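Notes follow once the structure below has been shown.
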Amino acid sequence: MATGQQTATLTAQQAARVALVNLCRAALSATFILSGFVKAIDPKGTQYKIEDYLQAAITGATAPEWLTLGTSVTLSAMEFTLGVALLFAVMRKATTCLATAMLVVMTAITTWLYIANPISDCGCFGDALHLTNGQTLAKNILLLAMAAVTAWRPKDMIRLMSKNNGILAINYSALFIIVCSLYSLHFLPPFDFRPYHIGANIIDDMAIPDGAPQPVFETTFIMTKDGQTREFTLEDYPDSTWTYVDTKTVMKDKGYVPPIHDFDIEDASGNNITEEVLTRPGYTFLLIAPHLENASDSNFGPIDQIYEYAQEHGYPFYCLTASVGEAIARWQDMTGAEYPFCTTDPVTLKTIVRSNPGLLLLKDATIIQKWSHNELPSEDELSAPLEQLPIGQQRPTSDTKTILKTLAWFILPLMLLSIADRTFELTQRFRRKRRLAKQNSKKIASILTHKKEKKMAKKIVAGNWKMNKNLQEGIALAKELTEVVKNPNCEVVIGTPFIHLASVAEVIKGSCIKLSAENCANKAAGAYTGEVSAEMVKSTGAEYVILGHSERREYYNETPAILKEKVELALANGLKVIFCIGESLEERDANKQEEVCKMELTESVFHLTPEQWKNIVIAYEPIWAIGTGKTATADQAEEIHAYIRACVAEVYGADAAAETTILYGGSCKASNAPELFAKPDIDGGLIGGASLKAADFQGIIDAWK
């Protein structure tokens, strides 16, 4: 174990790293969920933005409407689901890699937008939030850096629910967000962030307040003289010897731009009737059809009924469209439409209502109702003048209520699914644990019988100095140990850094203390600069080598395959192996400690022959208790030690299991050693920080007395 100061530093570094990764994960998750949601509830708006991108990239390019709309729904579903996957840390490696890949593509696109400026707004957050191209690029660069951090350490992302629950969550999220898109396509978006929302007064929103900043223009005069051409402003306009060529006027500042600045209506004769329509008191119906060529004609019957109702009660009814001539005539032939057609900019019409066609009801220039062509008012709802009907009153809108309703549809089913799945998983886990406990109890009983009848496992207390003590300090500590450790009731082993081995071997010669290396290479010899082979370790006088320590696994990426090679080389060179296994806190919380320990044994040492196995010592070290001050309770340690012994019995038989030494290594001290060592399946300890002081180490050794 590391010294207290080193451990504290390491723990602080790890905590800071985990905090950074999870902070980045939270920011990415929130961004993807928000971006995906606002796109999903306005799929037509996202479709229009995709068409803008396509035309900007390839001048005049078009794509089938089904393709751009499908891309819109798919993109929003991907973003939203990816955000949920990040939130719950589901399939962490795949999720973080996908997030990084998406942001690489997005950053490349927004770099092009920033340089070429073909579109003024990227549409990242639909109409809910408008960003300039520069702001969008900065945002994507920051998010890309965050994604890289999460992809660097995906396992540092803390799970908020089990893996099965997480998969349920992302599946439900994908279904939920697609249903939201389909709902918004069939009806209208539940949230309207556009200027033409219910309650907006078009006249008021077109007005420029007194004192508002005005547009600023700069005029430049191009002049020539004696074959030289120059540009001048009004401030430095030249004398009459210069000849005028041309004038350029550039807008330097837009000034105040009202929310509605593009609403304009022309009748069939080309007369502008905007003011006439807006200033007329009372009700006005506006049928909005950006392109009659693509408009749905499935509900022309209700439209004609509403027109007849408007005529009967004296309400103006206009169809605003960007289509002309032939398209209007085709629509009239197909639907029998008799209402007047007026011309309006197509972008404006698409902004007013996300339906083709859609219906607007104005009262004194205020939008009081909006309908998709799939939810037009019925004949029963138009049974009297509008003044007397509910639809003649402004529809109440409450974003808070809509948000709560949406969250309820999303969160409540997700919670119910999670609780049901978690209950099922816990029930299954409990049943498996009971079944395994019965099986293990029989094996353990058999092993204990063998332990009573035959040779018991050797008792060992082993010290692991790690990267502590210079050579002189190490020699001094070894000398002190030889003086204080006399006639112990167990075998005493000290594991030292490589540079200490030969010198310490001389110091402890003739004493009861055995020597161990802390590691060895997975190669026998060769061009491996800085490595120390098992043969070299043996030549120093060492008898043991510690392999598989959690710090080697984590910091130096030692895989089970590498450890398997190290174990074989160590045994081939006559070394005994103290092989470390153990679970992380996350794995302990998930009740996977048995699964992890068995896997680490199976992948690295359970292939050995029975003869080779006699030179293996197992050290169980719960990673969450190393250098943290936390210690597994004696009962927790005994439970897992008994399980490990049962696993050994499955492979090598009860006799071998009874004689296998299994050490506990996790903040073992003189104060808790007697309780730990009193357990039947704990045969000693692998000691870290407490082995760096002779008195502390001796206190643990004396626990066997």
Can you spot a residue in segment 103-112 that is farther than 21 Å from Arg25 by Cβ and in contact with a Leu (Cβ under 8 Å, 6 or more places away or on another chain)? yes
Taking segment 635-693, which residues are among the small types (Gly, Ala, Ser), open to solvent by less than 10 Å² (accessible area, probe 1.4 Å) and not in a helix (DSSP H, G or I)? Gly665, Gly666, Gly684, Gly685, Gly688
From the set of residues in segment 222-233 that are over 59 Å from the mean Cα position of the chain (by Cα) and among the charged types (D, E, K, R), which is least open to solvent (accessible area, probe 1.4 Å)? Lys225
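Met251: touching a Pro at 6+ places or on another chain (Cβ under 8 Å), open to solvent by 80 Å² or more (accessible area, probe 1.4 Å) and part of a strand (DSSP E or B), yes or no?
Values: touching a Pro at 6+ places or on another chain (Cβ under 8 Å): yes; open to solvent by 80 Å² or more (accessible area, probe 1.4 Å): yes; part of a strand (DSSP E or B): yes.
Here the answer is yes, as Met251 does meet what is asked.
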Yes or no: segment 433-456 includes at least one residue that is in contact with a strand residue (DSSP E or B) (Cβ under 8 Å, 6 or more places away or on another chain), surrounded by 14 or more Cβ atoms within 10 Å (Cβ to Cβ) and either in a loop (DSSP other than H, G, I, E, B) or modelled with pLDDT under 80 (or both). no
Say we look at segment 102-125 and pick out the residues that are open to solvent by 60 Å² or more (accessible area, probe 1.4 Å) and closer than 30 Å to Leu160 by Cβ; which of these is farthest from the chain's Cα centre (by Cα)? Val105
Go through (1) part of a loop (DSSP other than H, G, I, E, B); (2) within 24 Å of Trp371 (Cβ to Cβ); (3) among the polar types (S, T, N, Q) one by one and return the number of the condition Gln305 breaks. (1)
Check off (1) surrounded by 16 or more Cβ atoms within 10 Å (Cβ to Cβ); (2) over 30 Å from Asp210 (Cβ atoms) for Val324 and give me the number that stays unchecked. (1)
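Inside segment 457-478, can you point out the residues that are part of a loop (DSSP other than H, G, I, E, B), open to solvent by less than 90 Å² (accessible area, probe 1.4 Å) and either under 14 Å from Gln698 (Cβ atoms) or of a type in the set (A, V, I, L, M) (or both)? Let's see the steps before the verdict.
In the first step, residues of segment 457-478 are kept if they are part of a loop (DSSP other than H, G, I, E, B); the result is 457-459, 465-470.
Remaining after also requiring open to solvent by less than 90 Å² (accessible area, probe 1.4 Å): 457-459, 465-466, 468-470.
Ala457 - this is the single residue of segment 457-478 that is part of a loop (DSSP other than H, G, I, E, B), open to solvent by less than 90 Å² (accessible area, probe 1.4 Å) and either under 14 Å from Gln698 (Cβ atoms) or of a type in the set (A, V, I, L, M) (or both).
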Residues of segment 190-206 satisfying the condition of being modelled with pLDDT of 90 or more and not charged (D, E, K, R): Pro195, Tyr196, His197, Ile198, Gly199, Ala200, Asn201, Ile202, Ile203, Met206
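Only one of these is surrounded by 13 or more Cβ atoms within 10 Å (Cβ to Cβ) and either at positive phi or without any contact (Cβ under 8 Å) to a residue 12 or more places away in the chain (or both): Leu362, Leu414, Leu389, Leu349. Name it.
Values: Leu362 fails: either at positive phi or without any contact (Cβ under 8 Å) to a residue 12 or more places away in the chain (or both); Leu414 fails: either at positive phi or without any contact (Cβ under 8 Å) to a residue 12 or more places away in the chain (or both); Leu349 fails: either at positive phi or without any contact (Cβ under 8 Å) to a residue 12 or more places away in the chain (or both).
Unique residue meeting the criteria: Leu389.
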Does segment 157-180 include one or more residues that are closer than 23 Å to Pro413 by Cα, of a type outside the set (Phe, Trp, Tyr) and touching a Pro at 6+ places or on another chain (Cβ under 9 Å)? yes
Sort out which residues of segment 186-218 are in contact with a strand residue (DSSP E or B) (Cβ under 9 Å, 6 or more places away or on another chain) and within 30 Å of Thr71 (Cα to Cα), and write them in order of number. His186, Phe187, Leu188, Asp192, Phe193, Tyr196, His197, Ile198
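In contact with a Cys (Cβ under 9 Å, 6 or more places away or on another chain), buried (at least 24 other Cβ atoms within 10 Å of the Cβ) and more than 12 Å from Asn464 (Cβ to Cβ), is that true of Val532?
Details: in contact with a Cys (Cβ under 9 Å, 6 or more places away or on another chain): yes; buried (at least 24 other Cβ atoms within 10 Å of the Cβ): no; more than 12 Å from Asn464 (Cβ to Cβ): yes.
Against the criterion (in contact with a Cys (Cβ under 9 Å, 6 or more places away or on another chain), buried (at least 24 other Cβ atoms within 10 Å of the Cβ) and more than 12 Å from Asn464 (Cβ to Cβ)), Val532 does not qualify.
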With the requirement that a residue be farther than 24 Å from Met161 by Cα and open to solvent by 10 Å² or more (accessible area, probe 1.4 Å), what does segment 567-597 give you? Glu568, Leu569, Leu571, Ala572, Asn573, Gly574, Lys576
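Go through segment 539-594 and tell me which helices (runs of 4 or more DSSP H), entirely inside it, have 2 or more residues that are out of contact with any His (no Cβ under 6 Å at 6 or more places or on another chain) and either under 17 Å from Gly495 (Cβ atoms) or of a type in the set (S, T, N, Q) (or both).
Ranges flagged: 550-555, 560-572.
How many residues does segment 479-502 hold that are among the aliphatic types (A, V, I, L, M) and either outside any helix (DSSP H, G or I) or open to solvent by less than 10 Å² (accessible area, probe 1.4 Å) (or both)? Show your work before the answer.
Within segment 479-502, the subset among the aliphatic types (A, V, I, L, M) is 481, 484-485, 492-494, 499, 501-502.
In the following step, the residues that additionally are either outside any helix (DSSP H, G or I) or open to solvent by less than 10 Å² (accessible area, probe 1.4 Å) (or both) were identified as 481, 485, 492-494, 501.
The total comes to 6.
What do you reckon, is Thr321 touching a helix residue (DSSP H, G or I) at 6+ places or on another chain (Cβ under 8 Å) and modelled with pLDDT of 90 or more?
Here the answer is yes, as Thr321 does meet what is asked.
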Which of the residues spanning segment 47-80 are open to solvent by 50 Å² or more (accessible area, probe 1.4 Å) and of a type in the set (Gly, Ala, Ser)? Ala57, Gly60
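In segment 599-613, what count of residues is obtained for those that are in a helix (DSSP H, G or I), of a type in the set (Ser, Thr, Tyr) and either open to solvent by less than 70 Å² (accessible area, probe 1.4 Å) or under 15 Å from Ala572 (Cα atoms) (or both)? Even if it seems obvious, please write down each step before you answer.
Pass one, segment 599-613, residues in a helix (DSSP H, G or I): 599-604, 610-613.
Narrowing further to those that are of a type in the set (Ser, Thr, Tyr): 602, 604.
Checking the rest, the ones that are also either open to solvent by less than 70 Å² (accessible area, probe 1.4 Å) or under 15 Å from Ala572 (Cα atoms) (or both) come to 604.
Going through segment 599-613 one residue at a time, the tally reaches 1.
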Residues to consider are Tyr307, Tyr315, Tyr339, Tyr256; find the one that is of a type outside the set (S, T, N, Q), in contact (Cβ under 8 Å) with a residue 60 or more places away in the chain and either under 21 Å from Ala200 (Cβ atoms) or surrounded by 18 or more Cβ atoms within 10 Å (Cβ to Cβ) (or both). Tyr315
What number of residues within segment 349-399 satisfy the criterion of being out of contact with any Pro (no Cβ under 6 Å at 6 or more places or on another chain), in a loop (DSSP other than H, G, I, E, B) and of a type in the set (S, T, N, Q)? 8
If the Cβ limit is 8 Å and pairs must be 6+ apart or interchain, which residue in segment 134-156 that is under 9 Å from Val21 (Cβ atoms) pairs with which residue that is outside any helix (DSSP H, G or I) and open to solvent by less than 50 Å² (accessible area, probe 1.4 Å)? Thr150/Met157
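Restrict the check to segment 469-477 and report whether at least one residue is within 30 Å of Ala656 (Cβ to Cβ) and hydrophobic (A, V, I, L, M, F, W, C). So that I can check it myself, show each step before the final result.
Filtering segment 469-477 for residues within 30 Å of Ala656 (Cβ to Cβ) gives none.
No; the residues of segment 469-477 include none that is within 30 Å of Ala656 (Cβ to Cβ) and hydrophobic (A, V, I, L, M, F, W, C).
Among what's in segment 694-705 and is part of a helix (DSSP H, G or I) and open to solvent by 10 Å² or more (accessible area, probe 1.4 Å), pick the residue that is modelled with the lowest pLDDT. Break it down stepwise before answering.
Within segment 694-705, the subset part of a helix (DSSP H, G or I) is 694-704.
Filter once more, so that each one left must be open to solvent by 10 Å² or more (accessible area, probe 1.4 Å): 695-696, 698-699, 702-704.
Values: Ala695: 93, Asp696: 92, Gln698: 94, Gly699: 92, Asp702: 92, Ala703: 91, Trp704: 85.
Residue satisfying both the conditions and the ranking: Trp704.
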Any chance you could count how many residues in segment 81-101 are buried (at least 19 other Cβ atoms within 10 Å of the Cβ) and not hydroxyl-bearing (Ser, Thr, Tyr)? 11
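The values are calculated or read from the model by the stated rules, or taken from the named source; none is laboratory data. Remember, it's a predicted structure, so these values are computed and weren't measured experimentally. Glycine also receives a Cβ, built like all others from the backbone with ideal geometry; neighbour counts cover every protein chain displayed. In case anyone asks, the SASA skips ligands and DNA or RNA and just uses the protein heavy atoms, side chains included. Shrake-Rupley method; radii C 1.70, N 1.55, O 1.52, S 1.80 Å.
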